[in-house]
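J.: My questions will all concern the structure given below.
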Amino acid sequence: MQDRIIEFIRANPAAPPSEDDFTALALDVFARQYETVPLYRRLCEARGVRPGQASDWHAVPAAPADIFKADLGDGLTDPHIFLSSGTTQGPQRRSRHAIASLDTYRASALEQFERMVLPDSPGRMSVLVLGPTRTSHPHSSLAQMFEWCLSEYGNDLGATTFDDNGGFDLAGAVDWLRSAASATQPALILSVSSALSPVIDELRKRSLELRLPADSRIVDTGGNKPSAAGSRVMSAKGLLKACWRYLHVPSYLCVNEYGMTEMLSQFYDDALLSRWDGSLLPRAKIGPHWTRTVVVNPTTLEPIPDGNVGLLRHLDLANWESISAIQTLDLAETCGRGFALKGRAGGAETRGCSQLLETILD
Amino acid sequence: MIDRVLLANAHRSRHRIVNAYSTDDLLAILTQAAALWADATYETRRRTAEALYSVVPLAPVMLDHGLDLIFQAVTDETMRNLTDRQTLGMPSPGALRSGHADGSEAFVGPNIIYHSLAGNVPGLSIPAVVCGVLARSVTIVRDSRRQPLLTGAFVDTIADIDPLVAAMILPVRPDVSADDARAALAEQDCTVELHGSDAVVAELSDAFSGIPTVQHGSRISAVIADGNAQPGDWAQRIAHDIAMYEGLGCLTPHTVFVEDRGDIDAWSSALAEGLSAYERSWPRRRQAVALEADRRAFLERAEVSSLLENASLALGGSDDAWCIVTSAETAPSTGPGMRCITVTSTADREHTVRAIRTMPYPIAGLGLTLDWADDTAAAPSHIDALKAATGATLVCPAGRMQAPPLAWEQDGGRRLGDLLDWRPAPS
């Protein structure tokens, strides 16, 4: 199964596999998950859906994302375990995603990153990670992805800012940016959103308006939550303006990522892609061709017409080892060629990568 | 904007009422108006209800039942109970004392009472209007967009009986901003009452800083099932309290605590039957997306907990019309209302009180599986201790939680008594 999935992932995005190909693979993945993930099978039985009864991917039962709080990888020997960064309800409420091999995740993460963040093939860049690393957070899927990006796309000027003891090296980050501003190779900043605010605040405090080299870009992820360090909560637009003012990175080179521990695929703003391919559609988050996303009515869980706010439901083939169809509590509306996030259901826990910074700073 | 002409007229009416109307006069007018509204065939009520059916997200039959509960609570007896209890040791409202060096004084409410109402349940304005009239204060009532029309229609009925009294009440449109209201209250002796979620109340209260303000923020309610109580006798009544107003009221129970480690599965099953019955007679109508999303979050937690914990069971109605989470040990989780509830067990009353005190919002109401007459004097002696231990302001038999008495001291305040004071009598 892994080989089939990776082959599917590595298909040329300009000529992606057909809808029939996607459906066939999705149904095979569903059948496998029904057999190998006991908790998911119980959920499907409770909903009265068996693999033979689903004729297209819409019919695959979507499990609540909370199901990942259980151990779904019982049968795996020596699995790689990713844990969510904690929630407002405490560390014991973390989601847990266990997989036997990192190969699918690596293929998924890098293929989509290249498409959405590096469509112009800028070559090796100076990478600054304002987020977790494999050393500081060995169970963070985001840290794993950042590490791959650092090694795949970085030159020898790469730096990380979260140390092994849970500290965030703000001064080191600012020094790195000053140095990068005087270099010629473009910079790539990979950040949890809430780590950008203290950096911006520090630059403002020092009256530093840096000019990073042309084609430098910023990828941030997670919502911007109040920081224990006292930095401001910045709106998405405020962050874009600040990136231009203090780093000279234009908004079309600022890309917000949306992902979750429960999924091995990521969604990115299409701002950079739109700049590259000339699209004039409004900024939206789009997923890779091995995922499908629908916005559903929270009452009926049926897909809703474009322009209405509902809950996001994903089907991610990269999740073939766990559960692919996931019902989230993220509110969004369809927009452009993807969706725009509109918050999170109030009864759901505050969570995500910026919560991770809180865990560190608390 | 608040109409300045109507406001000036309201003040003139107030002057005449303070000087010319006794409390008995006002009670008679209010009693007559409420009695008309308690009758479902009363034309104004019927037409108002028909208009409300399309804008209020409640089943029409439920809305009619709500109107019954709201207006049946306003009688001569309940209003006298209100004035008697809340003016204990004080003169009856409106009493005049003449001969002061600075002129006469009257025992009345402030010049203006301004209410900004929440939209979760209908009829929040009715006790406000009653207390405003009895306090002889100009009463400005800003309804929520989600609960329009009712205040104005009730005031119209009062106007048919006594236009002078009705002129003292100003229902205003939901689009009146806090700043507009603040401008109307400037320099006046006034009180502001704010209803809504904690976030809304906090935002509004900033606009009224410097003015005496009563805040009614987010609250939650629960039921305590005595270990000896039989679910069959009580589940239907508890289901009523859960389903009424789609669980959006502060008096909606979100958790049933079954004491003495009682049979929670039996309670859940009986509640499921009750909720199914209410779903048939009061079909659940969909709410705003944000509320429905909150509800979905609860349903999803319920589904996962039922998959994960053998001791935990989730019951769900057809098309998710209702949901019960049953858990022997789990700390009570709170649903968003809308026919979602957690049934959990506790060892004893002390354990229950501890659990209530850890709930995420202050407790408003507690329903007990114990019957007593409406008259508060008939309440069991331990009720006051339970109120003190939990912070609940309403403790009543289960099934009556959605019909609080007019004299309910919501959030610990006396809705009439706290308004009254000796004030210079308008001449």
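Every number in this text was worked out from the coordinates using simple rules, so none of it is lab data. Computed from a predicted model, the values in this text were never measured in an experiment. Note that we place each Cβ from the backbone using ideal geometry, even for glycine, and neighbour counts take in every protein chain shown.
J.: Hey, rough spin-label estimate for A:Ser207 and A:Thr184, points 7 angstrom out along Cα→Cβ, what's it come to in nanometres?
T.: Simple spin-label model gives 3.2 nm for this pair.
J.: I'd like the trypsin sites (Lys or Arg not before Pro) in segment B:119-228 restricted to DSSP loop residues with at most 10 other Cβ atoms within 10 Å, sorted by number.
T.: Counting only loop positions with at most 10 other Cβ atoms within 10 Å, the trypsin sites (Lys or Arg not before Pro) in segment B:119-228 are B:Arg145.
J.: Follow-up. How do A:Ser126, B:Ser137 line up, fewest other C-beta atoms within 10 Å first?
T.: Least to most surrounded, the residues fall as A:Ser126, B:Ser137.
J.: Sticking with this structure for a sec: Of the DSSP beta bridges with both residues in chain A, give the percent that are antiparallel, rounding to the nearest 5. Write down the numbers at each step before the final one.
T.: On the way: 30 of 49 bridges.
Among the beta bridges of chain A, antiparallel pairing accounts for roughly 60 percent.
J.: Using a 10 angstrom cutoff on alpha carbons, build the Gaussian network for chain A and name the most mobile of A:Gly259, A:Gly336, A:Gly238.
T.: Taking springs between Cα atoms under 10 Å, the residue moving most is A:Gly238.
J.: Among B:Val108, B:Val200, B:Val395, which one moves the most in a GNM of chain B with springs linking Cα atoms closer than 10 Å?
T.: Top of the fluctuation ranking is B:Val200.
J.: Still on this structure, please answer the following. How far apart, in nanometres, would the label points at B:Ala40 and A:Val233 be if each is projected 7 angstrom from Cα along the Cα-to-Cβ direction?
T.: Here the answer is 4.6 nm between the modelled labels.
J.: Charges at C-beta only: +1 for Lys and Arg, -1 for Asp and Glu. How large is the resulting dipole of segment B:143-233 about its Cα centre, in Debye rounded to 20? Before the final figure, lay out the partial values.
T.: Details: 5 positive and 15 negative charges, 41 e Å.
Magnitude of the dipole: close to 200 debye.
J.: Considering every residue in B:283-293, what mean count of other chain Cβ atoms within 10 Å of its Cβ is obtained?
T.: 5
J.: Would you mind pulling out the separation of the Cα centroids of segment A:47-64 and segment A:122-163, in Å?
T.: 38
J.: Please identify which residues in segment A:279-318 have an amide N closer than 15 Å to a label point set 7 Å out from the Cα of A:Gln2, following the Cα→Cβ vector.
T.: Residues A:318 qualify, since their backbone N sits under 15 Å from the label point.
J.: For a paramagnetic label modelled at 7 Å from the Cα of B:Leu308 toward its Cβ, which residues of segment A:305-327 fall within the zone defined by backbone nitrogen distances under 12 Å?
T.: Flagged as within label range: none.
J.: Taking every DSSP beta bridge that has both residues in chain B, what percent is antiparallel when rounded to the nearest 5? Could you put the intermediate results ahead of the total?
T.: Values: 10 of 50 bridges.
Percentage antiparallel, nearest 5: 20.
J.: What FRET efficiency comes out for the pair B:Ala347/B:Asp371, r = Cβ-Cβ distance, R0 = 22 Å, nearest 0.05?
T.: 0.35
J.: Could you list B:Ser318, A:Ser101 in order of exposure, starting from the residue whose Cβ has the fewest other Cβ atoms within 10 Å?
T.: Ordered by Cβ neighbours within 10 Å, fewest first: B:Ser318, A:Ser101.
J.: Same structure, new question: Could you tell me what percent of the DSSP beta bridges with both partners in segment B:4-218 are antiparallel, to the nearest 5?
T.: That works out to approximately 10 percent antiparallel.
J.: I want to check the label-to-label distance for B:Ala8 and A:Ser101. Put each point 7 Å from Cα in the C-beta direction and report it in nm to one decimal.
T.: 8.5
J.: OK, next. Residue separation times 0.36 nm, minus the C-alpha to C-alpha distance between B:Arg80 and B:Arg354: what's the value?
T.: Gain on stretching B:Arg80 to B:Arg354: 95.0 nm.
J.: Add -39500 (n - 2.57) for each DSSP H run of 4 or more in chain A, then divide by its residues: what number comes out at 222 nm, to the nearest 500 deg cm²/dmol?
T.: Value at 222 nm, helices only, nearest 500: -10000 deg cm²/dmol.
J.: Let me ask something else. To the nearest whole number, what is the average tally of beta carbon atoms from other chains within 10 Å of the beta carbons of peptide A:42-51? Don't skip to the answer; put the middle values down first.
T.: Details: counts 3, 4, 0, 0, 5, 1, 0, 0, 0, 0.
Per residue, the number of nearby Cβ atoms from other chains is 1 on average.
J.: Efficiency by 1/(1 + (r/R0)^6): what FRET value for B:Arg173 and B:Asp226, r their Cβ-Cβ distance, R0 = 35 Å, to the nearest 0.05? Spell out each step's value before the answer.
T.: Values: r = 47 Å, r/R0 = 1.34.
Efficiency, from the Cβ-Cβ distance: 0.15.
J.: Okay, moving on. Could you calculate the FRET efficiency of A:Arg10 with A:Ser279 from 1/(1 + (r/R0)^6), where r is the beta carbon distance between them and R0 is 25 Å, rounded to 0.05? Kindly include the intermediate steps, with their values, before the conclusion.
T.: Values: r = 24 Å, r/R0 = 0.95.
The formula returns an efficiency of 0.60 here.
J.: Considering only A:Met145, A:Ser322, A:Val296, whose Cα is most displaced toward the positive end of the charge dipole of chain A, charges sitting on Cβ of Lys, Arg (+1) and Asp, Glu (-1)?
T.: A:Val296
J.: Hey, what number do you get for chain B at 222 nm if only DSSP H runs of n ≥ 4 count, each worth -39500 (n - 2.57), divided across all residues, to the nearest 500?
T.: -13500 deg cm²/dmol
J.: Over the C-alpha atoms of chain A, what are the Rg and the largest Cα-to-Cα span, Dmax, in Å?
T.: Here Rg and the maximum Cα pair distance are 20.0, 64 Å.
J.: With charges only on Cβ, +1 for K and R and -1 for D and E, what is the dipole size of chain A about its Cα centre, in debye, rounded to 20?
T.: 1060
J.: Report the one residue of B:His65, A:Gly287, B:Pro336 whose Cα lies farthest in the direction of the positive end of the charge dipole of the protein assembly as shown (charges on C-beta: Lys and Arg +1, Asp and Glu -1; origin at the Cα centre).
T.: With unit charges placed on the Cβ atoms, the residue in question is A:Gly287.
J.: Apply the Karplus parameterisation 6.51 cos²θ - 1.76 cosθ + 1.60, with θ equal to phi minus 60°, to every residue of segment B:174-185 and state each ³J(HN,Hα) to the nearest whole Hz, in sequence, with x for glycine and proline.
T.: x, 7, 5, 7, 4, 5, 4, 5, 4, 5, 5, 8
J.: Something else now. Stretch B:Ser22-B:Met1 to full length: gain in nm at 0.36 nm per residue minus the Cα-Cα span?
T.: Between B:Ser22 and B:Met1, full extension yields 4.3 nm more.
J.: If you count, for each residue, the other Cβ atoms within 10 Å and average over each peptide, how do A:320-326, A:303-309, A:279-285 line up from highest to lowest? Spell out each step's value before the answer.
T.: Values: A:320-326: 25.9, A:303-309: 13.3, A:279-285: 15.7.
With the highest mean Cβ count within 10 Å placed first, the list reads A:320-326, A:279-285, A:303-309.
J.: Taking the Cα centre of segment B:4-218 as the origin, how large is its charge dipole in debye, to the nearest 20, when only Lys and Arg (+1) and Asp and Glu (-1) carry charge on their Cβ atoms?
T.: So the dipole magnitude of segment B:4-218 works out to roughly 220 debye.
J.: Within a 10 angstrom radius of each residue's Cβ in A:57-69, how many Cβ atoms of other chains show up on average? Whole number is fine.
T.: Numbers: counts 0, 0, 0, 0, 0, 0, 4, 9, 2, 9, 5, 1, 4.
For peptide A:57-69, the averaged partner shielding equals 3.
J.: Here's a follow-up. Any chance you could run the full-extension gain for A:Arg41 through A:Gln53? It's 0.36 nm times the residue separation minus the Cα-Cα distance, nm to one decimal.
T.: Result: 2.9 nm gained on full extension.
J.: Identify which of A:Asp21, A:Asp66, A:Asp120 has the largest mean-square fluctuation in a Gaussian network model of chain A, with springs joining Cα atoms closer than 10 Å.
T.: Highest fluctuation of the listed residues: A:Asp21.
J.: Calculate the radius of gyration of the Cα atoms of the protein assembly as shown to one decimal place, then report Dmax, the largest Cα-Cα distance, as a whole number, both in Å.
T.: Calculated on Cα positions, Rg and Dmax stand at 30.6, 98 Å.
J.: Determine, for B:Val353, B:Val56, the number of other Cβ atoms within 10 Å of each Cβ, and report the residues in order from fewest to most.
T.: Final ranking by Cβ density, sparse to dense: B:Val353, B:Val56.
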